[in-house]
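Input: a single structure, listed below in structure tokens.
Coordinate-derived values only; no laboratory data. Fair warning: this is a prediction, and the values are worked out from it, not measured in the lab. Cβ placement follows ideal geometry from the backbone for every residue including glycine, while neighbour counts extend to all protein chains displayed.
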Amino acid sequence: MNYQESELQAKIRQQFDVVTYPRVPIEKSPKDDYELLYIHNFVTPYYLRNQKVIETEDKVILDAGCGSGYKALILAEANPGAKIVGIDISEKSVELARQRLQYHGFDNAEFHVLPIEELPSLGLEFDYINCDEVLYLLPDIVVGLQAMKSVLKPDGIIRTNLHSLLSSHYYFKVQEVFQMMGLMNENPGEMEIEIARETLAALKDSIILKRQVWKPEKINDEEWIQMNYLFLGDKGYSIPEVFAALKSADLEFISMVKWRQWEILDLFKSEDELPA
């Protein structure tokens, strides 16, 4: 990691110390959010790959980049009897994650201040690794994938995500503009958030950039503004780049999490109208 990358990682850590993510009240429970439980259940991807039902009792699950611990709580609810281990580079986030799991009565959980690249130092192996909204923040996603693979059991599964280079294009352009304005030289605070908000609000409605990224309903949501318009380290990837990274990390693709939404024919009005 060169000096520039090291400096950026320090800023990202500071950003999450100031704004723990996700900003969810500690008392909020996901136990009635069936979609979230389904997405974070180890049984689902295991069955997709092996056509077998597996019990989650005594499984060891890692939340890599656990943030404030809400996803770790979802993992605990979705996988009864599993041990939950969370890591994050933000000490404040780890502290909140630990408190959250204790508040909801999950004692079989532990949290560590640790970057993904140093996972082997834990001395643990995992049945399931959840790495949500984190991988794209690393200087090299292959290094992150390799670190997770090194602590994955032979039959284990990784669930992760990346931002799309194409669908997030205009958000990256907004971030470039605000970088040029100096709003992201340091960790963006209240002043930078307000300037970003006022700048976008002042744009003519006919401007393509505003039409694509401006969300009036989010105007007072500082977390949303920071995580979209002023997000330090945000990057996007194409599908070929994703598969190239998996190949470099010696990992095998199983499925998209919401695979039914990735049917290419659904993009067309009628498949019968397509050229033969």
statement: Along the dipole axis of the chain (charges at Cβ: +1 for Lys and Arg, -1 for Asp and Glu; origin at the Cα centre), the most positive-end residue among GLY69, LEU265, LEU162 is LEU265
task: Can you pull the one-decimal nm distance between simple spin-label points at LYS31 and TRP224, each 7 Å off the Cα toward Cβ?
output: 2.9 nm
- request: With the Cα gyration tensor of segment 150-203 in hand, give its eigenvalues times 5 under a square root as the equivalent ellipsoid semi-axes, listed largest first in whole angstrom.
  value: 35, 15, 9
Hz values of 3J(HN,Hα) by residue in segment 265-276 - Karplus curve (6.51, -1.76, 1.60), Gly and Pro given as x: 5, 5, 6, 10, 4, 8, 5, 5, 8, 6, x, 5
statement: Stokes-Einstein, Kirkwood over Cα pairs, the chain, 37 °C, 0.692 mPa s; D in µm²/s equals 162 µm²/s
task: Enumerate the lysines that LYS28 could reach by cross-link, defined here as Cα to Cα under 26 Å, with residues fewer than 8 away along the same chain left out.
output: LYS59, LYS71, LYS83, LYS92, LYS215, LYS218, LYS258
query: Stretch PHE172-ASP107 to full length: gain in nm at 0.36 nm per residue minus the Cα-Cα span?
result: 19.4 nm
query: Magnitude of the Cβ-charge dipole of segment 214-270, K/R +1 and D/E -1, about the Cα centre, nearest 20 debye?
result: 220 debye
- prompt: Counting pairs of alpha carbon atoms under 8 Å apart in space and at least six apart in sequence, what relative contact order in percent does the chain give?
  reply: 18 percent
task: Return P(r) of segment 1-60 (all Cα-Cα pairs; 5 Å bins starting at 0; whole %; ordered from short to long distances).
output: 4, 13, 12, 14, 11, 12, 14, 13, 6, 1
task: Quick one: give the max-minus-min coordinate of the C-alpha atoms of segment 169-228 along each principal axis, largest first, in Å.
output: 31, 23, 19
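For the chain, what is the calculated [θ] at 222 nm in deg cm²/dmol (nearest 500), taking -39500 (n - 2.57) for each run of four or more DSSP H residues and dividing by its residue count?
After summing the helix terms and dividing by residue count, I get -11500 deg cm²/dmol.
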task: Scan segment 227-271 for chymotrypsin sites (Phe, Trp or Tyr not before Pro) in coil per DSSP, keeping those whose Cβ has at most 15 other Cβ atoms within 10 Å, and list them by number.
output: PHE253, PHE268
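Past the 21 angstrom mark, what percentage of all C-alpha to C-alpha distances in segment 1-101 do you count?
Everything past 21 Å amounts to 41 percent.
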